[in-house]
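The values are calculated or read from the model by the stated rules, or taken from the named source; none is laboratory data. Just so it is clear, the structure is predicted and the values come from calculations on it, not from any experiment. All Cβ positions, even for glycine, are placed from backbone atoms using ideal geometry, and neighbour counts span all protein chains on display. The area values use the complete protein model at the heavy-atom level, side chains included, leaving out ligands, DNA and RNA. Shrake-Rupley method; radii C 1.70, N 1.55, O 1.52, S 1.80 Å.
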Amino acid sequence: AGNKPIVISTWDFGVAANQAAWKVLSTGGRALDAVEAGARIPEADLKNHSVGVAGYPDRDGHVTLDACIMDEKGNCGGVAAMEYIDHPISVARLVMEKTPHVLLVGEGATQFAVENGFKKHQLLTPESEKAWKEWLKTANYKPEINIENKHFTPANMPGGPNNHDTIGMLAIDAAGNISGACTTSGMAFKLRGRVGDSPIIGAGLYVDNEVGGATSTGVGEEVIRNVGSFLVVELMRQGYTPEDACREAVNRIVKKKADGAKDLQVGFLAINKKGEYGAYAIQKGFSYAVCNAEKQDLIIKGKSIY
Ligand code: SD4
């Protein structure tokens, strides 16, 4: 078994999510159940303004959520630009399990969720609304590096210093099966209708049970353009370590940018079939959380190009 079971996830807030996933994994549960349980933690966290309820809205004030999930058999499901439903990862799982489709969007996704027993909620909290109104004063829409950290210093950040970014989670259960989940409210103050990489299989998340899994965070457009998570898994298939695979995927993005992607953040996180893991980002400041039988609250600083 070695390093298994294990769960890893993006950013330091992944620690709490990992611990929820660990409850499933440490009692012999399935990786799929673990990643769903884990992803639900930041989705419900009112202090987290980039996932689930309390996520920052689009530029018109609508909170629209993206998520996807993938299991060891290659089954997958997602929702994109979904409003009013607070656990997109669970809706993504239902899309996977109950429909012949992979991705439901917008009103159709909300309708499907409601038909399956989810309640509609206002996802915009007073805090997020305040941040949006602050942003509206300049309405300067430009994706930025670790955007939430830049606009808000740890001192004034609504929700505190650990308030940033998408969660991507990868788990291997005791049976050796791999699953992954990814959930986000997307780039803060995005254009209405904008969908990032996070609900797109192959971009924000990919799992191949023979090889490993990968997930991403940062500017989703770049990840979609480069089919990032699929690329990371394919590189691991060719023998790259998880870290080397993530670095190569990041390099592909950087190489295509005339300015060397100096103002762009993308990070990848990956795990292979053996339970070895690694990450790489364009910019400093990316971290990830690792949880296994040895330690349940490890945070590792991701290496980066800059
Ligand atoms: C997106 N990758 O929607 C996600 C969100 C993110 O920094 O990670 N933002 O593009």
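Among what's in the range 71-84 and is within 15 Å of the chain's Cα centre (by Cα) and open to solvent by less than 10 Å² (accessible area, probe 1.4 Å), pick the residue that is farthest from the ligand (Cβ to nearest atom). Of everything passing the filter in the range 71-84, 77 is farthest from the ligand (Cβ to nearest atom). Would you confirm, using the coordinates I've provided, whether residue 21 is at pLDDT 95 or above, under 17 Å from residue 173 (Cα atoms) and touching a Gly at 6+ places or on another chain (Cβ under 8 Å)? Criteria met by residue 21. Reported count of residues in the range 178-225, each being buried (at least 22 other Cβ atoms within 10 Å of the Cβ), away from the ligand (no atom under 13 Å from the Cβ) and not hydrophobic (A, V, I, L, M, F, W, C), is 5. If only residues of the range 288-303 that are at pLDDT 95 or above and open to solvent by less than 50 Å² (accessible area, probe 1.4 Å) are counted, the one that is nearest to residue 11 (Cα to Cα) is 288.
Table: residues versus (1) without any contact (Cβ under 8 Å) to a residue 40 or more places away in the chain; (2) open to solvent by less than 60 Å² (accessible area, probe 1.4 Å); (3) in contact with a strand residue (DSSP E or B) (Cβ under 9 Å, 6 or more places away or on another chain); (4) farther than 20 Å from residue 299 by Cβ.
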| residue | (1), (2), (3), (4) |
| --- | --- |
| 249 | yes, yes, yes, yes |
| 258 | yes, no, no, yes |
| 266 | no, yes, yes, no |
| 270 | no, yes, yes, no |
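Evaluating residue 69 against the criteria (1) in contact with a Leu (Cβ under 9 Å, 6 or more places away or on another chain); (2) outside any loop (DSSP other than H, G, I, E, B); (3) modelled with pLDDT under 95 leaves one unmet condition, (3). Close Cβ contacts (under 6 Å, 6 or more residues apart or on different chains) running from residues in the range 196-225 that are over 16 Å from residue 167 (Cβ atoms) to residues that are open to solvent by 10 Å² or more (accessible area, probe 1.4 Å) and of a type in the set (D, E, K, R) comprise 209/72; 211/237; 212/273. Yes or no: the range 86-107 includes at least one residue that is in contact (Cβ under 8 Å) with a residue 40 or more places away in the chain and in contact with a Leu (Cβ under 6 Å, 6 or more places away or on another chain). Checked against the condition, which is being in contact (Cβ under 8 Å) with a residue 40 or more places away in the chain and in contact with a Leu (Cβ under 6 Å, 6 or more places away or on another chain), the range 86-107 yields at least one hit. Screening the candidates 169, 187 for the property of being at pLDDT 95 or above and either closer than 21 Å to residue 50 by Cβ or not in a strand (DSSP E or B) (or both) yields one hit, 169. Number of residues in the range 21-48 that are under 19 Å from residue 197 (Cβ atoms) and touching a Pro at 6+ places or on another chain (Cβ under 9 Å): the value is 3.
Take the conditions away from the ligand (no atom under 16 Å from the Cβ), within 22 Å of the chain's Cα centre (by Cα), modelled with pLDDT of 95 or more and buried (at least 20 other Cβ atoms within 10 Å of the Cβ) and apply them to residue 95. Does it pass?
Against the criterion (away from the ligand (no atom under 16 Å from the Cβ), within 22 Å of the chain's Cα centre (by Cα), modelled with pLDDT of 95 or more and buried (at least 20 other Cβ atoms within 10 Å of the Cβ)), residue 95 qualifies.
Those residues that are in a loop (DSSP other than H, G, I, E, B) and touching a helix residue (DSSP H, G or I) at 6+ places or on another chain (Cβ under 7 Å), I need them from the range 11-29; list them, please. Across the range 11-29, the qualifying residue is only 13. When the test is whether a residue is more than 16 Å from the ligand (Cβ to nearest atom), in contact with a strand residue (DSSP E or B) (Cβ under 6 Å, 6 or more places away or on another chain) and either of a type outside the set (Ser, Thr, Tyr) or assigned to a helix (DSSP H, G or I) (or both), residue 233 passes it.
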